[in-house]
Amino acid sequence: MSVTICIIDDKDNDLKNIRNEITQHCTDYFDPIIKLVNSVDNLSMITDSDVYFIDIDLPKYNGFEIAKFILQKNENKFIIFVSNREDLVFNSFDLNVFYFVRKSHLANDIERCISKYLQTVQKSNYIILNCNHNTYQINHNEIIWIESNGNNLSIYMPSYNLIVRKTMKSIINELNNKIFIRIHHSYLVNSEYIHYVHQNTCHLKNGLILPISPNHKLDLNVFFSSRR
């Protein structure tokens, strides 16, 4: 998966060092798309990343102001402070930031931060999807059903749809298997959107009717039996 990361620091050397440490520790797990920012003049221009590494002592807006603005726009963003101001670590707790990296322990702290991030994402109800050079963080509960077309998947949600290059097997491994059930070789359904099942058809709450293959009908029965 790809994760967009924004590093904000007014010192070019620190920007490069932070980028190098992030790249070193995350490339085995995800593809980082890293943006380096050494000056923030307009806060609204930096809200499109998934993860932020932010210095605290910055010229126009300090790190606390930037973090507060980002989290007000989207509380699901991951904010990590990277600073020499270790005396401010407790102040960061008020903003509910994800991690505090000490510049004096940059390599060790970033390694721990990346490890914690991976554990958090794996336990969460979100999946990261890439479509048309954009990265989307999707809550599992938003997905109604998924259709497989070769190596592409169509992801259907209430307000919009996405087509991503991914196999059904890979997305099943990433999703919460407590709510998703495969009813056909080509269809994966969020059980919360199932209205009822009749013979070899699955009727969704939005009126859509999907086929149930003989190979997956037993799986569907077992799935619902386990939830009673």
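Couple of notes before you dig in:
- Neighbour-count order for V164, V97, fewest beta carbons within 10 angstrom listed first: V164, V97
- Under 19 Å from K205, Cα to Cα: aspartates and glutamates that are on another chain or at least 8 residues apart: E142, E147, E192
- Degrees between helix 106-123 axis and first principal axis of the chain (Cα, 0 to 90, nearest 10): 20
- Highest-fluctuation residue, L129, L188, L218 considered, GNM on the chain with Cα pairs under 10 Å: L218
- Beta bridges per DSSP with both ends in the chain, % antiparallel, nearest 5: 60
- Burial ordering of E21, E86, E75, fewest other beta-carbon atoms within 10 Å first: E75, E86, E21
- Of all the options D55, D14, D28, the one that moves most in a Gaussian network model of the chain with Cα springs shorter than 10 angstrom is D28.
- Between helix 12-26 and the chain: long-axis angle, C-alpha atoms, 0 to 90°, nearest 10: 30
- Each label was represented as a point 7 Å from its Cα along the Cα-to-Cβ direction; for D219 and H198 these points are 2.4 nm apart.
- Among Y160, Y187, the order by Cβ neighbours within 10 angstrom, fewest to most, reads Y160, Y187.
A short reminder: the numbers here are calculations on the coordinates, not readings from a lab. Predicted, not measured: the structure shown is a model, and the values here were computed from it. Heads up, the Cβs are rebuilt from the backbone with ideal geometry, glycines too, and the neighbour counts pull from every protein chain shown.
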